[in-house]
Number of protein chains: 2
Amino acid sequence: MKFDLNRSIEILQNTPSVLESFLHNLSDSWFLSNEGPDTWSPFDIVGHLVHGEQTDWMERTNIILFGEDKHFKKFDRFAQLEESKGKTIGDLLTEFRTLREKNIEFVKGLALTEDKLDLKGIHPSFGEVTLRQLLSTWVVHDLNHIAQIARIMAKQYSDETGPWIEYLPILTK
Amino acid sequence: MKFDLNRSIEILQNTPSVLESFLHNLSDSWFLSNEGPDTWSPFDIVGHLVHGEQTDWMERTNIILFGEDKHFKKFDRFAQLEESKGKTIGDLLTEFRTLREKNIEFVKGLALTEDKLDLKGIHPSFGEVTLRQLLSTWVVHDLNHIAQIARIMAKQYSDETGPWIEYLPILTK
């Protein structure tokens, strides 16, 4: 599938509800457990998604479209470990929904043409990247973390499925 | 985490909403595309989940608890390819929700004790398995397919993310 802005927004728009449905009415242990030392819990991931809405996707979009200096700042992948302290999962989900809705409105207002989607910024590791690649990555990044949340929760039952583990790639791959 | 019936039901109960949030208001191409020849689309997966609610989890629970013959029938992993024909994704999601709600009520009504969870059936490939393992697998199976749906949709944009693919394990693992 080629990048299409409307189709991208379809996915981006659903993510707050996907996360809310996935993480509501659960015992803490489902969303506070992780996959072992130095790995994230679903709670950490929602914090990471919040931080991305605040400092990554739109900031970089602005740099590409309007920045004099086209260099992106490095994204802090661990900021949420501090920023989420004292918050509940419900707080983070609400914060994520609010930011996401605002960011989708912002993107819609940019009236992005194919030419604008070809514009470039400079990524700290990759060098030149296009706005089209940035927005595609925003979409895939959501899906990546939804799959990760499913995997982390599944792994809490790794020892419980007995021989069926063989049929459950989420536990073994 | 050790198997716990109430905590398992928390996950099983959320799955219909997770799937609905994930797959609603999307262009067909998001849920009808797959990962290549002989792979499933999100549409096929929802059909597979429907078939599981109809013929797998509760049928096997019944065999373990009440069956004279403790042998499970082989589960047909491809039944949905016929059974979903002519249905919309909305039809399948509604069917799944109805069956899942009924099955959760059924399980709650069984008043399962630790002793009952230790009871066994005979799986066509694995031999003896316990009810606890069957119900744990029901939970992980949901999560496995939610992650798979995320991956299938993400892969539609494999060529669009440019160098970021390196940071997106969902596209490469």
| message | Looking at the stretch B:11-38, I want the residues that are within 11 Å of chain A (Cβ to nearest Cβ) and have a partner that is in a loop (DSSP other than H, G, I, E, B) and of a type in the set (F, W, Y) with Cβ atoms under 7 Å, at least 6 apart or on another chain. Which pairs are those? | response | none
| Which of the residues that make up the stretch B:115-141 are closer than 17 Å to B:N103 by Cβ and of a type in the set (V, I, T)? | B:T137, B:V139, B:V140
| field | Selected residue (criterion: farthest from A:I149 (Cα to Cα)) from residues of the stretch A:39-62 that are more than 13 Å from chain B (Cβ to nearest Cβ) and of a type in the set (D, E, K, R) | value | A:E59
| How many residues does the stretch A:105-148 hold that are touching a helix residue (DSSP H, G or I) at 6+ places or on another chain (Cβ under 6 Å) and of a type in the set (S, T, Y)? | 1
| request: For the stretch A:47-67, indicate whether the set of residues that are free of Cβ contacts under 8 Å to residues at least 40 places away in the same chain and more than 16 Å from the chain's Cα centre (by Cα) is non-empty. | output: yes
| Can you pull out the residues in the stretch B:13-26 that are surrounded by fewer than 18 Cβ atoms within 10 Å (Cβ to Cβ) and either closer than 17 Å to B:R151 by Cα or not polar (S, T, N, Q) (or both)? | B:H24
| request: Scan the stretch B:9-66 for residues that are part of a helix (DSSP H, G or I), among the polar types (S, T, N, Q) and either out of contact with any Phe, Trp or Tyr (no Cβ under 7 Å at 6 or more places or on another chain) or more than 20 Å from A:L143 (Cα to Cα) (or both) and jot them down. | output: B:Q13, B:T15, B:S17, B:S21, B:S29, B:Q54, B:T55, B:T61, B:N62
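Only the coordinates and a few stated rules stand behind these numbers; no lab work does. Everything numeric in this text was worked out from a predicted model, so none of it was measured. Note that we place each Cβ from the backbone using ideal geometry, even for glycine, and neighbour counts take in every protein chain shown.
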